[in-house]
Structure formats: structure tokens, C-alpha cells
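Working notes, beginning with the structure itself.
Derivation of every value follows stated rules applied to the coordinates shown; laboratory data play no part. What you see is a predicted model, and the numbers here were worked out from it, not measured in a lab. Neighbour counts run over all protein chains shown; Cβ positions are idealised from the backbone, glycine included.
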Amino acid sequence: MRKLVGRVMFGLIVLALMGSCTTAQKAETPKADTAAITAAVDSINKAFAAAIAARDTESVVSFYADDAEVLPPGSPRASGKDGIRAAWVGFLRIPDLSLTPQSVKVLNSDAGDLVVDVGSYTMKAKGPKGPIEDLGKYVTVYRKTDAGWRIVVDTFNSDKPGPGE
């Protein structure tokens, strides 16, 4: 009986120590620097818009991770850098294209390695029947890599009703 009580007590002590180590590890994990992450996202948005204005496909594609997904409205998914490059080549052919993203909310993981940028955009271009202006919203998910923040998921859609709506 004494051996059983001793084993039970030893087990409880080990469990208590494991729990306190886990709690200590959680307490030591620093929170992400939200202000720095928000500033980084704003900087990326400006550089992304500048790459579009310059019609620099390779620069635009460089913002994406190798395994990224772009989910455009009314078009098939673009997967990986080759698929994303093909989508942007077509998009950048639009005359006088300009895109202005504006973050509304930046959400980040506690570890600071994933960020969700929820925002709005203004897109202007020259259409076959005159100027086009579109207002819409987007969600972009970034992952922190050794090379910096890279887009892993990018989706957007217009606030304007589609044809027939």
C-alpha cells in the first residue's frame, strides 16, 4: 500500500511540474508586435501598388509565397508562382490599371508568423467604353518567412453588383 501511495504521489508531483513548465513556457512566449506588423502590411501594400503601376509582373509575383493561392472573382484559382504569374500577366495588360489597397483591419497570430489583412481597394483602368472604377474588398493572408512577409492566400471582390443583378 505504501508503494502504491508513493507511486501515486510521485506521479502527481511529475504532472504538477509538467504543468508548471508548460505554464512558464506560455508566459515566456512574447506577443507579436502588432504596431510593427501593421506598419509592415501598410508598407507591403504601397510597394505592391507601385509594382502594379510599374507593370512589373516579376515584382508583383515576388510578394507571393511559392505555395500561394489567388482566388479572383469570376476566374479560376491561380496556384503557385507560375499560376499567379499567368494571372497577373493578363491583369497587367489592362490599360491604365491602378490599384490602391487600404487596410481596414490587420489580425495577427500571437506568435506573429501569420497575418490577415482585411481591407478595401480602389481599382481604376481604361475600358473599351471609357474609364472604369471599381471599389471592393479583399482578404490577404501573409506568412512570415526567412525572406520576409509573403502572401499565401489572396482574394478580392467588387462591391458593385455583377451583370444581371
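Kirkwood Rh over Cα pairs of the stretch 34-158 into Stokes-Einstein at 10 °C, 1.306 mPa s: D in µm²/s? The estimated diffusion coefficient comes to 107 µm²/s. Here's how it looks for VAL153: its modeled amide H is under 5 Å from those of GLU69, VAL141, which are all 5 or more places away or on a different chain. Candidates ALA65, LEU114, TRP88 compared by Cα position along the dipole of the stretch 34-158: farthest toward the positive end lies TRP88, with charges placed on Cβ. Relative contact order, whole percent, for the stretch 34-158 stands at 24, derived from Cα pairs under 8 Å and 6 or more residues apart. In plain terms, the chain from SER98 to ASP159 could stretch by 20.2 nm, reckoned as 0.36 nm per residue minus the Cα-Cα distance.
Reducing the stretch 135-153 and the stretch 114-131 to their Cα centroids gives an inter-centroid distance of 16 Å.
Where the only charges are on Cβ atoms (+1 Lys, Arg; -1 Asp, Glu), what is the dipole of the stretch 58-130 about its Cα centre, to the nearest 20 debye?
Result for the stretch 58-130 is approximately 600 debye, rounded to the nearest 20.
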